[in-house]
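Take a look at the structure below.
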Amino acid sequence: MRSAFSPLTSVIRALAMDAVQQANSGHPGMPMGMAEIAEVLWRRHLRHNPANPGWFNRDRFVLSNGHGSMLIYALLHLAGYDVSIDDLKNFRQFRSKTPGHPEVGHTPGVETTTGPLGQGLANAVGMAIAEKVLAAEFNRPGHDIVDHATYVFLGDGCLMEGVSHEACSLAGTLGLGKLIALYDDNGISIDGHVEGWFTDDTPRRFEAYGWQVIAGVDGHDSTAIDQALQVARADKQRPTLICCKTQIGLGSPNKVGSHDVHGAPLGPAEIAASRDHIGWSHAPFAIPENIYAQWDARPRGKILEDEWQALIAAYATSFPDLAKAFFRRMNGQLPDDWSARVARVQADVAAKAENIATRKASQNAIAAIAPCLPELIGGSADLAGSNLTLWNGSKGVSRSTGGNYLYYGVREFAMTAIANGLALHGGFIPYTATFLVFSDYARNAIRMAALMKLRQIMVYTHDSIGLGEDGPTHQPVEHVASLRLIPNVDVWRPADASETAAAWVAGIERADGPTILALSRQNLPTVTAGIAPDIIRRGAYTVADSPAPQAVLIATGSEVKLALDAHRALADEGIAVRVVSMPCAEVFERQDESYRANVLPRGLPRVAIEAGISSFWRQYVGLDGAIIGIDRFGESAPAGKLFDFFGFTVANVANTVRSLL
């Protein structure tokens with residue numbers, strides 16, 4: 001048992017108290033309660049180099065209970081990362097390096113953006129999968145160039161979130177022996193003591209998942225924590241959960257163990273009392289040099305990285321082709337022949353002009369692209385046969401093998417968050433899949449992918465009432481419009497195989513955010529004959545025109561063919577219209593103004609046609625335009641009957657155009 005507070009942990013407690021107090025906002029209790037756990041891990045076990053936060057073979061550290069962000073900021077500062085004492089003083093201030101919750105790409109040393117509870121844990125599972133698969137692919141006897149652990153801190157809230165069940169169940173099945181989770185079991189959440197709403201037997205729960213569980217660890221006893229970590233690292237066949245019994249806010253004599261210390265400053269009087277209690281007499285943000293010296297991880301980090309650099313140099317000599325591929329992938333670069341290959345793929349698709357479902361066109365695109373892109377790692381939430389995400393080179397990742405395909409099971413949320421972890425780790429471009437209607441299960445992880453600017457392709461099939469008889473429970477009407485509301489997400493709804501191939505290429509080449517493909521169940525005819533892929537890649541383009549158009553029809557997906565049929569019917573009446581296919585509005589909006597004005601000229605009435613919620617299209621048709629959409633739930637019936645019932649007919653489109661002229 002701990003007999004006294006150590007200066008090495010008191011500095012964490014003091015920084016957490018002082019920064020939260022100065023910001024008048026934040027969560028001091030968790031950093032204070034996990035100080036010993038953090039000190040043991042970061043000073044004795046974590047392999048990292050603060051001078052090079054991007055060193056590939058570093059251990060990954062994830063703070064899943066991200067509300068306690070002052071813990072990681074204190075650790076980064078003390079260890080020698082580029083996080084200064086002034087950065088800590090600016091905790092939670094505008095554009096500081098120390099935002100309210102950790103943000104990847106914003107603060108050196110932060111591996112993922114956390115705060116939405118449980119998702120950091122799922123990200124960590126993805127990182128551990130990435131390490132496992134890369135090691136299987138690249139390591140050779142005597143050359144273990146991929147060999148690092150993933151550590152994650154989590155709390156009661158993370159374990160209450162359902163995504164923790166999804167992710168940890170899969171982690172146990174895959175035997176992720178280098179994943180080590182440290183559970184801050186303090187029995188407190190914002191509403192108070194958790195025994196009124198969280199009475200799970202957590203150790204037995206994780207044992208059932210197939211994890212090694214080290215229960216009953218005193219989270220304030222450094223020796224016990226160190227021993228538990230040694231046991232965890234020794235088991236290479238199972239992920240490990242270390243259950244650390246802690247007191248939230250330890251060090252605060254009057255608020256320890258209560259929810260009062262969870263999410264609010266302690267106040268000047270309690271901070272003064274806490275300083276006396278933990279034996280920390282230094283002024284706010286003042287840290288003695290001897291404390292810095294004991295925390296500084298840079299000398300050891302340099303040794304660790306130098307050793308790895310020597311290892312990778314020897315590897316490159318023995319396996320030059322593998323080393324070249326490894327470095328390319330770690331640098332996030334596409335293959336040298338990428339442009340030439342995808343040009344051939346898109347030309348082949350255009351030449352075939354197949355009338356197929358866009359989900360099938362997506363599978364064809366994967367099969368054509370994946371052989372030259374080994375970093376492409378796929379998966380589906382138990383719908384591979386419907387989403388069509390498998391190709392003839394797919395190899396399932398298992399407990400004993402690597403691979404390029406993950407059978408996620410019915411776990412849409414964890415699937416997407418795990419794929420975020422794969423992307424964050426580096427070396428992979430993940431794609432995930434489910435029915436479009438079930439993207440709701442994954443929504444917050446989609447949002448986090450967008451916030452973190454991660455390259456992930458999300459394949460969502462059965463995109464409309466066109467799926468037919470399964471009825472309104474499975475027919476998405478609001479989903480495409482809803483997904484378009486998330487900033488930094490490109491939502492593609494392609495009309496045929498060529499648009500689908502273009503969408504896939506766009507998603508792979510896009511390095512600053514996720515791409516969603518909303519794909520049809522039903523076969524769709526070719527509508528892009530003669531349209532170059534580069535034109536499709538602009539997000540919207542004229543697919544059929546007239547010498548002097550009187551109106552513009554804008555459509556996506558399966559409705560583009562309807563718009564073209566209406567174009568011909570109206571032409572027979574002497575009414576000239578333009579048809580614009582808009583497979584991706586977000587990409588279209590990034591085009592220059594002259595291009596956008598050329599595609600959608602001002603002064604012409606517009607009609608938007610999409611089998612989904614209509615409100616999105618008001619920005620394109622204006623108050624005087626018209627929208628043919630669906631603003632209610634669907635029905636159970638064959639697809640053709642439903643399209644007729646909801647007004648997706650040539651006659652209705654033609655009548656709507658006439659009403660605007």
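Some points to look at:
- Proportion of all alpha-carbon pairs of the stretch 556-661 beyond 24 Å (%): 23 percent
- The stretch 60-116: translational diffusion in µm²/s, Stokes-Einstein, Kirkwood Rh over Cα pairs, 20 °C, 1.002 mPa s: 196 µm²/s
- For the stretch 199-266, applying the loop criterion from DSSP together with a ceiling of 12 other beta carbons within 10 Å to the trypsin sites (Lys or Arg not before Pro) yields Lys236.
- Computed from the alpha carbon positions, the gyration tensor of the stretch 280-360 leads to an equivalent ellipsoid with semi-axes of 52, 24, 9 Å, biggest first.
- Taking all protein chains into account, the per residue accessible area for the stretch 264-415 stands at 48 Å² (1.4 Å probe).
- Förster-model FRET efficiency, 60 Å R0, Asp512 and Asp276, C-beta, rounded to 0.05: 0.75
- Here log10 I(q)/I(0) by the Debye sum over Cα atoms at q = 0.07, 0.09, 0.10, 0.11 Å⁻¹ was computed from the coordinates, and among (1) -0.51, -0.79, -0.93, -1.06; (2) -0.62, -0.83, -0.94, -1.05; (3) -0.62, -1.00, -1.19, -1.34 the match is (1).
- For the stretch 553-661, the solvent-accessible area works out to 43 Å² per residue, with a probe of 1.4 Å and every protein chain left in place.
- Value of Rg to Rh for the stretch 568-627, rounded to two decimals, is 0.97; Kirkwood radius and Rg both from alpha-carbon coordinates.
- Rounded to 0.05, the FRET efficiency of the Asn139 and Phe645 pair, given R0 = 60 Å and the Cβ-Cβ distance, is 0.55.
- Taking trypsin sites (Lys or Arg not before Pro) across the stretch 583-661, the ones in a DSSP loop with at most 16 further Cβ atoms lying within 10 angstrom of their Cβ are Arg590, Arg602, Arg632.
- Net charge dipole size for the chain [Lys, Arg +1 and Asp, Glu -1 on Cβ; Debye, nearest 20]: 880 debye
- Counting only Cα atoms, the size of the stretch 410-453 along its three principal axes is 29, 19, 13 Å, in decreasing order.
- Degrees between helix 268-278 axis and first principal axis of the chain (Cα, 0 to 90, nearest 10): 50 degrees
- Semi-axis lengths (Å, descending) of the ellipsoid that matches the C-alpha gyration tensor of the stretch 1-64: 24, 17, 10
- Mean projected area (nm²) of the alpha-carbon convex hull when the stretch 486-587 is viewed from all directions: 6.9 nm²
- Set of lysines with alpha-carbon distance to Lys395 below 27 Å, sequence-local pairs under 8 removed: Lys132, Lys178, Lys236, Lys324, Lys360
- Summarising the label geometry, the points placed 7 Å from Cα in the beta-carbon direction at Glu589 and Lys395 lie 4.2 nm from one another.
- Calculated on alpha-carbon atoms, Rg and Dmax of the stretch 70-218 in Å: 17.4, 53
- Angle between the chain longest axis and helix 650-660 axis [Cα atoms, degrees, rounded to 10]: 90 degrees
- Shape index of the stretch 133-214: Rg/Rh, with Rg the Cα radius of gyration and Rh the Kirkwood radius from the inverse mean 1/r over Cα pairs, equals 1.09.
- Cross-link partners of Lys255 among aspartates and glutamates (Cα-Cα below 20 Å; sequence separation of 8 or more within a chain): Asp18, Glu36, Asp156, Asp184, Asp185, Asp191, Glu195, Asp218, Glu270, Asp276
- Mean-position separation - Cα centroids, the stretch 442-503 and the stretch 561-579, in angstrom: 28 Å
- Distance from the C-alpha centroid of the stretch 271-294 to that of the stretch 170-191: 31 Å, rounded to the whole angstrom.
- Qualifying trypsin sites (Lys or Arg not before Pro) for the stretch 73-166 [loop in DSSP, other Cβ within 10 Å: at most 16]: Arg95
- Longest DSSP-loop-exposure-free segment, GluC sites (Glu not before Pro), the chain, at most 13 other Cβ within 10 Å: 1-468
- Ranking by accessible area, most exposed first, for Ser6, Ser464 with a 1.4 Å probe: Ser6, Ser464
- The alpha carbons of the stretch 314-402 occupy a box of 52, 36, 19 Å along the principal axes, longest dimension given first.
- With all protein chains modelled, accessible area of Phe648 [1.4 Å, Å²]: 20 Å²
- Between 0 and 90°, nearest 10: helix 320-330 axis offset from the chain longest Cα axis: 90 degrees
- Computed with the Debye formula from one identical point scatterer per Cα of the stretch 37-92, without solvent, the log10 of I(q)/I(0) at q = 0.12, 0.14, 0.16, 0.17 Å⁻¹ comes to -0.28, -0.38, -0.50, -0.57.
The values are calculated or read from the model by the stated rules, or taken from the named source; none is laboratory data. Given the structure is predicted, the values throughout are model-derived calculations rather than measurements. When we count neighbours, we look across all protein chains shown, and the Cβ atoms used for this are built from the backbone with ideal geometry, even at glycine. Note: areas computed on protein heavy atoms with side chains; ligands, DNA, RNA excluded. Shrake-Rupley method; radii C 1.70, N 1.55, O 1.52, S 1.80 Å.
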